[in-house]
Structure formats: C-alpha cells, structure tokens
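Structure record follows, encoded as structure tokens.
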Amino acid sequence: MALSGRRILIAATAALMAVPAGAEEIRHRTEYRVALGILPIARAAFVTKIEDDKSYKVSGDISSAGLADLVTTISAKTSVDGVIRDDRLQAQRYYLYYKSGKRARTYEVRYANGNIVSTTVKPERKLPNNWVNLKPGDMRAVLDPISGLIFPGDTKLCSQRLPIYDGEMRMDLVLSPKGSKDFETDGFAGQATVCSVRFVPKAGYKKGRKDIDYLSKSGQMEIWFAKADAANVYAPVYVSIPTQYGTVTIKAVKYSAS
C-alpha cells in the first residue's frame, strides 16, 4: 500500500479518538486494535485533555503490529488542539508525523473559525502532473480528521456530509443511516448507531490512484458511533474500511476514562 494510502488509514484510526470528558474529568484514554481481516496490523492509543477554559488537546500514537511489522515498520504521532464552541470541537491546529520504513513526513494545519489558514508539509512533495489541486473553496468550513467525528448527543448522526482535510487530501465523508448494532468493550456496553459512509475524494491526491478509486466506488465503509452519557457526545467505536487487500477494521478495545 502506498504511503498516502496508508495515511488514509492513519486518518481513520485518528478519528477513533478519546471521547471528551465531562466537567468532572480532565483526562480520557482510549485504545484501539487495527486489523486486516483477522490479522492484527496496528495498535493505537489516544489521550484527551479538557481544560477549564474549554480548550482541548488530543494526542495519539499509532504503530504497526503483527505481520505488518514483517513488511515495514509504520509509526505515527498525531495531535489536535482547539476549543469547544456550541458543544462542538473546533480545531485550531492539527499535526501528523508519519513514518513508513525510512520515509517520513510531517503535516501541520492551522485553522481559524473552521477555515484553513495554512498548511505545512515537510519534506515538501513533488506533485505529479495528474495531481488534483486544492481550490480556495475546498479550504472553507473544514473539519480535522480527529475531532471532526465527535458530535453532541442530539445530533442526527447519519444524515451529514463531513468535509475533512488531513494536511494533504480534502475528502467528504457522506453518512447515511444503517440501523444499530450491539457493541461491547472495556468501558462500554450497549447500542451503537451504524452509519454507512460514502468516501468522496475532492482534491489533494493523484488522479487515477487505484486505492482511492476503489474506496470511492465501494460503498461498503461503515462507522459505528457510541454515546458517552457523561459527556453527552457520540464518538466512533468501530470502523470498517474496504481495501483492495481486504477489509480493514478499527475497533475500540478501551472506551472509558483513565
């Protein structure tokens, strides 16, 4: 899988972040297992800190595991800082450091009132001729890939179009209802709301890429949301992503305050 293809999975894993804690809590830890079919390929852990001034920070570590380590070592560190406004998490800075084998790249995005004001990529990429360039309109009213998937308790979860930007690719995730499923893990047991997800690449990618075309045409991606009653928010606990190599699943194995 290409570097940017793996980065899509990293962004999806990052979306499975720690749920914002209630007023009496300032720290929340979640842990995840990423698998290709029945084979474990990565693990992740995220910590969310909420301050009294309504600012928040989420930091996470992702690393390859199992058979994936036999092919190449993958690691990532990601974080997002922002403020809570009108019961929504609004990013001010998003950061991702991603390393695959000897290749590494850093992404940093700055936001102001939901709009992208700057993007820094190190080292810079030499863009191919068939690159789909970002337009000014692509950078307005955009969500980061971590806190962009956290919703207040009264939200109609599966009736939304989410404009996501990960520092390179601008994509829409179009959610539609698909019922509910029982879900149980450390810290949660109950009903999860299941949303079908349509992946719509907008810009910031090489036109004709097979992995992106496959995912955009599949229609089999799902996200399950569980409600954290103490914080009155919904957050993802399970993601299913079809790929050319099989289905990648991302499952929360811990969903509770530390």
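Leu157: accessible area at probe 1.4 Å, nearest 10 Å²?
10
Answer with one residue from Leu162, Val197, Leu96: the one whose Cα lies farthest towards the positive end of the charge dipole of region 92-202, charges on Cβ with Lys, Arg +1 and Asp, Glu -1.
Sorting the options by dipole projection puts first Leu96.
Using a 1.4 angstrom probe, figure out how much accessible area region 178-242 has per residue, in square angstrom, rounded to the nearest whole. Please list the in-between numbers first.
Numbers: 3050 Å² over 65 residues.
Using a 1.4 Å probe on heavy atoms only, each residue of region 178-242 averages 47 Å².
Using the heavy atoms of the protein chains and a 1.4 angstrom probe, tell me the accessible area per residue for region 53-132 in square angstrom.
Averaged over the residues of region 53-132, the accessible area is 58 Å².
At 1.4 Å probe size, with the rest of the protein present, what percent of the exposed accessible area of region 36-129 is carbon and sulfur atoms?
That fraction is 49 percent.
Please give the charge dipole size of region 188-257, origin at the Cα centre, charges +1 on K and R Cβ atoms and -1 on D and E Cβ atoms. Round to the nearest 20 debye.
Around 360 debye, computed over region 188-257.
If you place +1 on the Cβ of every Lys and Arg and -1 on the Cβ of every Asp and Glu, how big does the dipole about the Cα centre of region 119-258 come out, in debye to the nearest 20?
About 680 debye.
Roughly how many percent of the accessible protein surface of region 140-258 is carbon and sulfur, given a 1.4 Å probe and a whole-percent answer?
Ligands and nucleic acids excluded, carbon and sulfur give 47 percent.
So which trypsin sites (Lys or Arg not before Pro) in region 162-233 end up in coil per DSSP with only 14 or fewer other C-beta atoms within 10 Å?
Counting only loop positions with at most 14 other Cβ atoms within 10 Å, the trypsin sites (Lys or Arg not before Pro) in region 162-233 are Lys207.
The values are calculated or read from the model by the stated rules, or taken from the named source; none is laboratory data. Only a predicted model underlies this, so the values are computations on that prediction, with no experimental measurement involved. Note that we place each Cβ from the backbone using ideal geometry, even for glycine, and neighbour counts take in every protein chain shown. Keep in mind that these areas ignore ligands, DNA and RNA; they rest on the heavy atoms of the full protein, side chains included. Shrake-Rupley method; radii C 1.70, N 1.55, O 1.52, S 1.80 Å.
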